[in-house]
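The values are calculated or read from the model by the stated rules, or taken from the named source; none is laboratory data. Since the structure is predicted, the reported quantities are computational estimates derived from the model, not experimental observations. Don't worry about glycine lacking a Cβ; one is built from the backbone with ideal geometry, like all the others, and counts go over all protein chains shown.
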Amino acid sequence: MCGIAAISPRTVEYRALPSPIERASPPPVRPPEGRLDSWKEIAAYLSRDVTTVQRWEKREGMPVHRHQHDRLGSVYAFSVELDAWVRGRRHLEEEEKVPATKAVDLKPERAPGRISATARPLVLAGVVVLALAAVAYLTTRQPASVATRPTITSLAVLPLKNLSGDPTQEYLADGMTEALIGRLSSIHKLRVISRTSAMHFKDSPQSLPEIARALHVDALVEGSVIRDGSRIRVTAQLIRGATDEHFWSETYDHELRDALTLESEIAQSIARRVEVTVTGEEHGRLTAARSVSPEVYESYLKGEFTLDKSNTRADVEKSISYYEDAIKRDPTFAPSYVGLAAAYDNLGTILFGAPPSETRPKVISAARKALDLDPELGKAHAFLALMLQKEWKWVAAETEFRRALELNPGDSTAQTGFSAWLMCQGRLDEALRWAQRAREHDPLAVSGTEIAEVLFHAHRFAEAVRESRSEAAVRPDDAMVLWGLGFDLIANGQPEEAISILEKAVSLSNRSPGVIGVLIRAYAHAGRRADALRLLEELKTRQTKGYIPAAAFINAYLGLDDKEQAFIWMEKAYQEKSNILQFLKVHPYFDPLRGDPRFADLLHRVGLDQPR
């Protein structure tokens with residue numbers, strides 16, 4: 001197993017420490033001062049020969065630690081630990097017959113384990129010579145595979161397999177996968193692939209090296225979950241992507257109520273084995289855990305599982321019921337509020353059509369409650385930022401995005417959210433860089449959606465189409481992806497092709513008003529005005545029975561080149577704080593209106609007429 005050796009008061013580096021005691025409780029973080037980096041240095045410090053101190057370590061538990069590599073006998077120790085051990089050792093002089101040339105003075109007037117002042121320069125000189133010789137010998141003699149083994153700076157956690165024999169327990173395996181990804185993503189010096197891309201390889205027939213190449217990672221984590229009543233067993237292993245070499249494996253058994261502790265232990269073990277440097281704050285987030293009742297944890301995971309697979313409003317509402325059940329059972333479990341915020345945020349998109357006045361206060365309330373319980377939940381900061389942006393509180397939104405990225409630098413939600421914030425300000429080059437950074441963490445999702453969105457708003461339509469097509473090839477039945485591709489195709493002068501794509505998206509989304517609004521534009525641009533007007537009448541009829549987002553009418557009337565009606569609906573969009581108005585400054589569909597004083601006034605009221 002592994003433990004912790006300190007590099008600085010705020011930086012922790014993981015190294016292998018095999019002691020059984022350390023398996024149960026990792027040693028505290030210590031500064032590097034007083035560190036002895038070989039048997040020779042340890043022996044010189046104690047004025048003993050190497051054989052003696054090795055025997056003390058083996059038989060009497062003298063505190064010695066081991067480096068994580070294959071070199072036999074490569075160790076280190078801390079002088080403060082050795083001093084304490086010497087002080088506690090009973091009858092040292094009687095138990096050990098010390099050779100005359102290696103005598104150690106343990107008289108009261110001299111500190112235990114210290115070398116005389118006159119001998120110290122000679123001993124230290126000898127230590128330096130011997131240490132240099134040892135390093136030269138080990139460097140030349142170690143196997144080539146060890147000397148050239150590449151550092152691991154990126155990894156993907158593949159979907160854990162559900163081996164419970166019960167398909168209904170799939171949510172548990174998926175939830176554990178996402179939890180591990182979330183914890184590891186908090187490490188700045190480790191690029192961790194996001195859940196969206198990792199889940200693409202669930203039950204994949206591809207070999208591990210092929211998956212590693214596809215995700216551009218150095219290592220993979222794979223494993224399994226078995227649920228047996230109130231107990232859960234997780235087996236995890238680390239594999240080098242290029243060579244398919246399995247270099248760590250461990251099995252963990254816990255009660256389900258200790259699932260968060262289990263997640264923490266696995267994440268810590270992985271961080272140690274890849275030898276990644278972790279700051280003190282990151283270590284605190286890795287180790288954070290608490291007990292949670294099985295019923296609460298199950299409801300939370302079912303909410304995550306349902307929300308992830310949602311394609312209709314009913315799916316999102318079902319996920320909300322799971323989160324609310326978890327909160328009812330335990331109002332202090334912060335992740336449930338983050339899930340609830342995510343669900344209401346989804347519900348408030350134009351795709352699902354719930355009024356912003358209904359959903360946004362709930363997102364903000366849930367995110368703030370999560371942060372009251374745990375201020376270091378990066379995703380809660382990200383969802384709060386998204387809502388503040390939609391409320392046109394631009395400065396506050398930027399602050400929350402930056403805090404989310406500080407807490408969880410690998411969170412593609414925060415990265416793409418901040419990219420969108422920059423895009424709304426007209427800072428398109430910066431927005432594209434952040435979207436590309438998000439793609440590094442989520443290569444199979446971000447490449448075709450968020451990057452395409454930035455390219456669309458930058459009027460780089462052909463590139464946007466290529467990105468959206470690549471994503472649609474991976475997710476051909478995702479209404480949101482097809483909707484985005486429709487936007488891009490229309491802007492690129494391909495409305496006829498957009499029609500079939502958008503018609504499929506309308507069907508998949510249960511006739512979402514937002515998708516219908518863009519389909520109306522496609523029909524109008526393709527010369528099928530009668531079809532466009534027919535769908536517009538459908539929206540008007542549905543509006544008499546319930547809420548229809550103003551953005552659906554804006555897209556429809558702009559497509560029909562009816563600017564007066566477009567302005568009427570843009571004013572209604574202002575009253576409801578429609579999502580579409582975030583993009584006033586850059587949205588290509590608004591280009592025909594930019595010379596109108598009414599548009600300039602609206603841009604000012606939304607707060608987008610000043611550079612940031």
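The residue that is modelled with the lowest pLDDT, among those in segment 279-309 that are among the small types (G, A, S) and touching a Lys or Arg at 6+ places or on another chain (Cβ under 8 Å), is G280. All told, L502 falls short of being touching a residue at least 12 places away in the same chain (Cβ under 8 Å), crowded, with 17+ Cβ neighbours inside 10 Å and closer than 15 Å to Y589 by Cα.
Kindly indicate whether any position in segment 536-556 is in contact with a helix residue (DSSP H, G or I) (Cβ under 8 Å, 6 or more places away or on another chain) and among the hydroxyl-bearing types (S, T, Y). Give the derivation first.
So in segment 536-556, the residues in contact with a helix residue (DSSP H, G or I) (Cβ under 8 Å, 6 or more places away or on another chain) come out as 536, 538-539, 542, 548-556.
Remaining after also requiring among the hydroxyl-bearing types (S, T, Y): none.
No, because not a single residue in segment 536-556 is in contact with a helix residue (DSSP H, G or I) (Cβ under 8 Å, 6 or more places away or on another chain) and among the hydroxyl-bearing types (S, T, Y).
Quick check: is even one residue across segment 217-227 outside any helix (DSSP H, G or I) and free of Cβ contacts under 8 Å to residues at least 60 places away in the same chain? The answer is no, given that none of the residues of segment 217-227 is outside any helix (DSSP H, G or I) and free of Cβ contacts under 8 Å to residues at least 60 places away in the same chain. The single condition from (1) surrounded by 18 or more Cβ atoms within 10 Å (Cβ to Cβ); (2) in contact (Cβ under 8 Å) with a residue 60 or more places away in the chain; (3) closer than 27 Å to P335 by Cβ that A198 fails is (2). For segment 330-380, the candidate set comprises residues that are surrounded by fewer than 23 Cβ atoms within 10 Å (Cβ to Cβ) and among the polar types (S, T, N, Q); within that set, the residue that is farthest from K577 (Cα to Cα) is T332. The set of residues in segment 475-504 that are modelled with pLDDT under 95 and more than 18 Å from A462 (Cα to Cα) comprises R475, P476, D477, D478, A479, M480.
Rundown of residues vs (1) within 18 Å of A342 (Cα to Cα); (2) of a type in the set (S, T, N, Q); (3) at pLDDT 95 or above; (4) not assigned by TED's automatic domain parsing to the domain that holds L351, yes/no style:
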residue: E391; (1), (2), (3), (4): yes, no, no, no
residue: A396; (1), (2), (3), (4): no, no, yes, no
residue: G417; (1), (2), (3), (4): yes, no, no, yes
residue: L422; (1), (2), (3), (4): no, no, yes, yes
residue: Q425; (1), (2), (3), (4): no, yes, yes, yes
residue: L455; (1), (2), (3), (4): no, no, yes, yes
residue: R460; (1), (2), (3), (4): no, no, yes, yes
residue: S468; (1), (2), (3), (4): no, yes, no, yes
residue: A473; (1), (2), (3), (4): no, no, no, yes
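Per the listing E304, E324, E275, E298, the residue uniquely part of a helix (DSSP H, G or I), farther than 30 Å from S507 by Cα and either β-branched (V, I, T) or touching a residue at least 12 places away in the same chain (Cβ under 8 Å) (or both) is E298. The residues listed here are D258, D228, D244; of these, the one that is of a type outside the set (V, I, T), out of contact with any strand residue (DSSP E or B) (no Cβ under 7 Å at 6 or more places or on another chain), at pLDDT below 85 and over 20 Å from E376 (Cα atoms) is D228. When each of R213, R240, R257 is tested for being more than 24 Å from P150 (Cα to Cα) and surrounded by fewer than 23 Cβ atoms within 10 Å (Cβ to Cβ), the lone residue that passes is R257.
Filter segment 170-209 down to the residues that are among the hydroxyl-bearing types (S, T, Y) and assigned to a loop (DSSP other than H, G, I, E, B), then identify the one that is nearest to G284 (Cα to Cα). Looking at the filtered set, the residue picked out is S186. Comparison of E537, E471 shows that the only residue that is farther than 20 Å from N346 by Cα and either under 34 Å from the mean Cα position of the chain (by Cα) or of a type in the set (D, E, K, R) (or both) is E537. Residues that are hydroxyl-bearing (S, T, Y) and surrounded by fewer than 17 Cβ atoms within 10 Å (Cβ to Cβ) within segment 262-319 comprise T277, T287, S291, S293, T312, listed in sequence order. All of (1) in contact (Cβ under 8 Å) with a residue 40 or more places away in the chain; (2) in a helix (DSSP H, G or I); (3) not β-branched (V, I, T) hold for L482 with one exception: (1).
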